[in-house]
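We did not get these values from a lab; they are worked out from the coordinates using the rules stated. Keep in mind it's a predicted model, so treat the numbers as computed, not measured. When we count neighbours, we look across all protein chains shown, and the Cβ atoms used for this are built from the backbone with ideal geometry, even at glycine.
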Amino acid sequence: MKKGVSTIVVIAGIALVLFFWVKGVYNKMVVADEGVSAAWSQVENVYQRRADLIPNLVATVKGYAEHESSTLEGVIAARARATQITVDPSELDPEEIAEFQKAQGELSSALGRLMMLQESYPELKANENFRDLQAQLEGTENRITTERMKYNESARSYNTLVRSFPNNILASMFNFEKKGYFEAQEGAETAPVVAF
């Protein structure tokens, strides 16, 4: 009889330890997953800020460079494409992030062409509204870089947690999938050629 009670106590103790271990690992994964989602929300937030600045910037440039309509239309079209792409924060797979990043990269290129117009239009360069918008856009670009870096750090931490043994067993049981990263743009490894 004592032996049977001892066996039950040992089994109950092992079950209790196992329960608390699973609970602890599961809760860590939930916290890490929420951290990745929050970091992604910040990335979307700063990209939205940039998208919100573009109409004012285009309107300011339009007043000075009316015959540059193809550049202005390119920026507007790129903004429309970039704001149409949404990524589900619960998924965040590499393909969706790459598609989102590609659209944002196209918008960045179009904005770069728009900013180059100031060289051809000195009166635009002197416009206070344009300078203010340009400064806000530069600040937003810096925030984008910072938030993308924070997102990648959150995703790395989460991915390490869900891929480590024995956590990977629980992660697969509870459908915690690996998250994608922001990666460098194609050609970023090649330094630009500067010629004088």
Worksheet item: Which number do you get for Rg(Cα) / (2.2 N^0.38 Å) in the stretch 87-151?
Response: 1.43
Worksheet item: Exactly which GluC sites (Glu not before Pro) in the stretch 90-165 are in a DSSP loop and have at most 16 other Cβ atoms within 10 Å?
Response: Glu91
Worksheet entry | Straight-distance crosslink candidates among aspartates and glutamates, where the alpha carbon sits under 15 Å from Lys178 and sequence neighbours closer than 8 are dropped | Asp33, Glu34, Asp88, Glu91, Asp93, Glu95, Glu96, Glu153
Discussion item. For a 22 Å ceiling on Cα separation, which of these pairs sit above it: Lys102/Lys150; Lys23/Lys150; Lys102/Lys179; Lys125/Lys150?
Written reply: Lys23/Lys150; Lys125/Lys150
Worksheet item: When the Kirkwood hydrodynamic radius is evaluated over all pairs of different C-alpha atoms of the chain, what value in angstrom, to one decimal, is obtained?
Response: 20.2 Å
Worksheet item: Averaged over all directions, how much area does the convex hull of the C-alpha atoms of the stretch 1-110 cover when projected, in nm²?
Response: 8.7 nm²
Practice prompt. Provide the net charge surrounding Leu170, with neighbours chosen by a C-beta distance below 11 Å and charges set as Lys +1, Arg +1, Asp -1, Glu -1.
Written response: +2
